[in-house]
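The values are calculated or read from the model by the stated rules, or taken from the named source; none is laboratory data. It should be emphasised that the depicted structure is a prediction, and the values quoted were computed from it without experimental measurement. FYI the Cβ positions are ideal-geometry reconstructions off the backbone, even for glycines, and counts take in every protein chain you see. Side chains included, ligands, DNA and RNA excluded: accessible areas come from the protein's heavy atoms. Shrake-Rupley method; radii C 1.70, N 1.55, O 1.52, S 1.80 Å.
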Amino acid sequence: MSAGSRQSTATSGLSVSRPARRHGWLPAGAGLAGLGVLLLALAAGDGLNATMITGLPDPGPVTRYALPMVRLLADALAALTVGLAVTAAFLLPGDGPSVSAPGYLLLRRVTALAAGWAATALVLIVLTVSDLLGAPSSQLGAATVVSFATSISQGQALLLQAGLAGLVAVLAWTGVSRTTAATTAGLALVAVLPPAFTGHAAGAGNHQVAVTSLALHILAATVWVGGLAALLVVRRHRLLADAAARYSRLALACCVGVVLSGLTNAWVRLGAWDQLWQSRYGWLILGKLAALLALGGLGAAHRCRTLPALRAGERAAFVRLAAGELVVFAATFGLAVALSRSPTPIPTDPVDADPLVELLGFTPPAPPTPGRLLGDPLPDMFFLTGCALAVAGYLAGVWRLHRAGHRWPPTRTASWLAGMLLLVAVTNLGIARYAYVLFSAHMVQHMVLSMAVPILLVCGAPITLALRALRRPTDRQMRGAREWLLLLIHSRPLRLLTHPLIALGIYPASLFGLYFSDLLGTLMRYHLGHLAMLTHFVATGYLLFWVLIGVDPGRPRLAPPLLVIIHFAAMMAHGFFGLVLMQSSTVIAPDWYTAVHPDWASSPLADQRLGAGIAWAFGELPAAIVMIILLRQWARADQREQARLDRAADRADATGEEDDLARYNAFLRAAARGSHGRRADDRYGATMRDEE
C-alpha cells in the first residue's frame, strides 16, 4: 500500500470515527445493560452460588463476581472482533486487491479488539483455576495455572482461544489485502469456538447435539451482533446503505440459526419442557427467548422501514434503531453468560455419573440388529445442519437455472441428493452410535464416508452449478460468493492439493497415519476431534475422486489413461492397507476401545480383524463404478475430439481452405516422400561406392 493511499485511508478513518464523540454513550450504555442483566440473572438463576458446595473451599467473592464479568467482556470483544473483520472482508467493497478506506479502519480496530480478547482469555484461565480449586486467585502459583492451561480441557480451550485471538490481531495489523481480511475473519470465527466444547454442553448427556448446537449458536450470535456494531462504526460513510442491505440478509440467517440452535440446546439441558417454568434455569431461557424475539422485531423494522430511509439519505433513524438493538444485544449476552454459570435441571456433573455415559455422551447400545443400526438414531447437529444447507443451496441453484431457461442434468441433482442422504444416514443413524464402541462399525462408517459419499457428491458437480447460478454483484468492487469461489478454486493451495500425485498421496497416508498411530484414540475421545475425523474422511475422498472423475473447473484434466493408472494406484494402496490391518496382532487405540468395549461383543482384536476385512473388501464396488465412469469419460472425450475434427473439415470444405487434419496428413505424406528419397539416395551412393 503506497504512502499516499495510507494517508488517504487514515484521513478517511478520522472522518468516519469523528461522530463517535456524538454517540459516546453507546458503548457505556451497552456495557451497563449487559452488566446489569448479568448480575440480575446470576442472582435469579443462583449462578453466584452454583459452584459453592458445603464443606469445600470457597474461591471468594472476587472470583465469583469477576469470572462472569470477564467472561462477558471476552464475549463482547469476540463479537466485535468477528463483526468488524467480517464486515471489512465481505460486506464492504474493496479498492482493487486491497480493502477500502472504511475497511482499513475496521481492521485497525480489529487489532486492538483482538489483543484485548486474547488478554481476557488469559485472565479467564486464572479465574477458572481459582473457581475450580476453590482458592482465591492471589494464592495460586504459576505452576498450577500453567498446568491447568496445558493439561486440562478447559484451560487448553482458553489458551488456544488466546493464541488464535493474538494471531487475528497480528493479521489485522499486517495485512490490507481483501484475501488477508477474509483469512482474518475466518480465523476470528474459529477462535470463538474452543470454549464451547468444554462448558455445560460438553458435560451434558447427548453432547453430540449439545456441543454442536452451542457452537452454531455462538457463531450465529457473534456474527449477528458484531456486524451491527461494525455498521455503527461506519455509519457516516456513503457505503452504509449498501453494507446495511447486505448485513440485513446475513442477520436474517443468523437470527434463524440462533433461535433454532438455542431451542435445541435448551431441550438438551432442560430434559423436559415443563422445566421452562418449573426451574430457575428455565426462567432465564424464557428471558433470553423474549430478548431474541425483540431483536427479531427490531430486525424486521430495519428491513421494512430504516433500509428504505437509509437509501434515501436519512441515517438518523437507522443509527437510533441500531443503537437500541445493540443495547438489547448486550443484555442478551449478559443473560447468556448467566446461563453458563447457572445450574441446569439435568446436572452436567452428577455425583453418581456413569463414567461410560460421560465418555460416550449416550447410553451404551444393545447388541446390534438391522433395526437398531438403522432405527436408533444418534443426531449430530453439525452434519444435519451442513447437509440441510448443502441440499437447500443446491436445489436453489437448480431452481434459479430452471427459471432462467437453462437445463441442469437431473442425474447430477439425483447424485448430489443421494450423497447427502447417505452422509446424513451414516453420521446420524444407529451405525453412528455403534461406530463409537465397535471398530468394525467405525470402519463401515469410514469406508462409506471416504468412498461412496464422495463419488456421489463429485458426480453432482456442485461447483459448476454454483458458478452458473450465483449472480455477480452490481458493484464491481464487491466480491460476491461467485468471486470468492473462483479465487478459491484457482488458488495455489487448492491447485497444490488437486495435483494428482498429492491427492493420491493424501488418501493412503491418512489411512496409515490414523490407524497405525495413537491419533485414532485421541480423536475418538473428544467430540471436536471426532467431527474433524469424519469431515476429513469426506474431504480426502472428495479430493481424490474430484481429480479422477470430477467435471468441475479447477486444475486441468489429465489424459484418461493417466487417470486410470492413478485410480489403480489408489485402489492398490487401499487394498494393501486392508491386508496390513488384517495381519496386525495389536489392538488399535487400545485405551479407547478397551474402555468402551461392550460386554456382548467379541474381543477387540477379533472385531478389529472384522473391520480390516470390511476395509479390504469394501473398495471393490466403488472401484468398479469409478472405472466405468472413467472409461465412459474416455469414450466421450474421443467422440468429442472426432466431432471437433469433423466440424473443422466441414468448415474447410465450405471455405475452400485446408483444415488442421488435412494439413497434418499432407505433412505426413511429405515426410514419407522425403524419407523414401533419402533412402534411394543412400542406396545409389552405396552402389557407386561398391563399383569403385
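Quick one: in region 254-275, which of the residues that are in contact with a Gly (Cβ under 7 Å, 6 or more places away or on another chain) and open to solvent by less than 30 Å² (accessible area, probe 1.4 Å) is nearest to Ala79 (Cα to Cα)?
Cys255
Identify, please: which residue in region 522-544 is closer than 15 Å to Asp591 by Cβ and among the hydrophobic types (A, V, I, L, M, F, W, C) and is, among those, surrounded by the fewest Cβ atoms within 10 Å (Cβ to Cβ)?
Leu523
What residue, of Leu158, Leu122, Leu167, is open to solvent by 60 Å² or more (accessible area, probe 1.4 Å), assigned to a helix (DSSP H, G or I) and within 21 Å of Val62 (Cα to Cα)?
Being open to solvent by 60 Å² or more (accessible area, probe 1.4 Å), assigned to a helix (DSSP H, G or I) and within 21 Å of Val62 (Cα to Cα) holds for just one of Leu158, Leu122, Leu167, which is Leu122.
Taking region 347-400 as the search range and keeping residues that are modelled with pLDDT of 85 or more and among the β-branched types (Val, Ile, Thr), which one is nearest to His536 (Cα to Cα)?
Filtering region 347-400 for residues that are modelled with pLDDT of 85 or more and among the β-branched types (Val, Ile, Thr), the one nearest to His536 (Cα to Cα) comes out as Thr385.
One residue is enough: does region 292-307 have a residue meeting the conditions modelled with pLDDT under 75, at negative phi and surrounded by 17 or more Cβ atoms within 10 Å (Cβ to Cβ)?
Scanning region 292-307 turns up at least one residue that is modelled with pLDDT under 75, at negative phi and surrounded by 17 or more Cβ atoms within 10 Å (Cβ to Cβ).
I'd like to know if region 168-177 contains one or more residues that are touching a strand residue (DSSP E or B) at 6+ places or on another chain (Cβ under 6 Å), small (Gly, Ala, Ser) and either in contact (Cβ under 8 Å) with a residue 12 or more places away in the chain or within 29 Å of His527 (Cα to Cα) (or both).
Yes, region 168-177 contains at least one residue that is touching a strand residue (DSSP E or B) at 6+ places or on another chain (Cβ under 6 Å), small (Gly, Ala, Ser) and either in contact (Cβ under 8 Å) with a residue 12 or more places away in the chain or within 29 Å of His527 (Cα to Cα) (or both).
Working only within region 578-595, note down all residues that are surrounded by 15 or more Cβ atoms within 10 Å (Cβ to Cβ), closer than 23 Å to Arg525 by Cβ and of a type in the set (Val, Ile, Thr).
Scanning region 578-595 gives Val587, Ile588.
If a residue must be assigned to a helix (DSSP H, G or I) and farther than 16 Å from Ala503 by Cα, how many such residues does region 537-596 contain?
Of the residues in region 537-596, 18 are assigned to a helix (DSSP H, G or I) and farther than 16 Å from Ala503 by Cα.
Being over 30 Å from the mean Cα position of the chain (by Cα) and among the basic types (Lys, Arg) is the filter here; which residues of region 282-318 pass it?
Arg305, Arg311, Arg315
Look at Leu127 and say whether it is in a helix (DSSP H, G or I), within 30 Å of Leu523 (Cα to Cα) and open to solvent by less than 20 Å² (accessible area, probe 1.4 Å).
So Leu127 passes the test.
Residues checked against (1) open to solvent by 50 Å² or more (accessible area, probe 1.4 Å); (2) in contact (Cβ under 8 Å) with a residue 40 or more places away in the chain; (3) not β-branched (Val, Ile, Thr):
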site: Gly83; (1), (2), (3): no, yes, yes
site: Pro97; (1), (2), (3): yes, yes, yes
site: Leu106; (1), (2), (3): no, yes, yes
site: Gly141; (1), (2), (3): no, no, yes
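Looking at Pro560, Pro598 in this structure, which one is open to solvent by less than 40 Å² (accessible area, probe 1.4 Å), within 19 Å of Trp634 (Cβ to Cβ) and more than 29 Å from the chain's Cα centre (by Cα)?
Going through Pro560, Pro598 in turn, the sole match is Pro560.
Among the candidates Ala623, Ala612, Ala532, which residue alone is in a helix (DSSP H, G or I) and farther than 30 Å from Leu356 by Cα?
Ala623
Return the residue satisfying two criteria in turn: it lies in region 403-412 and is part of a loop (DSSP other than H, G, I, E, B) and not hydrophobic (A, V, I, L, M, F, W, C), and of such residues it is surrounded by the fewest Cβ atoms within 10 Å (Cβ to Cβ).
By that ranking, first place goes to Gly405.
Across region 428-447, which residue is surrounded by the most Cβ atoms within 10 Å (Cβ to Cβ) among those that are under 30 Å from Arg555 (Cβ atoms) and under 21 Å from the mean Cα position of the chain (by Cα)?
His446
Residues that are touching a residue at least 24 places away in the same chain (Cβ under 8 Å) and more than 19 Å from Val547 (Cβ to Cβ): find the helices (runs of 4 or more DSSP H) completely inside region 413-528 holding 1 or more of those.
Counting at least 1 such residues, we get 430-435, 439-447, 462-469, 481-489, 500-515, 519-525.
Given (1) closer than 24 Å to Leu581 by Cα; (2) within 22 Å of the chain's Cα centre (by Cα); (3) open to solvent by less than 40 Å² (accessible area, probe 1.4 Å), identify the lone condition not met by Leu519.
(3)
Looking for whichever is of a type outside the set (Asp, Glu), farther than 26 Å from Pro365 by Cβ, touching an Asp or Glu at 6+ places or on another chain (Cβ under 8 Å) and at pLDDT below 60 here; the options are Leu661, Leu645. Which one fits?
Leu645
State the number of residues belonging to region 365-402 that are of a type outside the set (D, E, K, R), within 21 Å of Arg433 (Cβ to Cβ), in contact with a Lys or Arg (Cβ under 8 Å, 6 or more places away or on another chain) and buried (at least 17 other Cβ atoms within 10 Å of the Cβ).
Matching residues across region 365-402 total 2.
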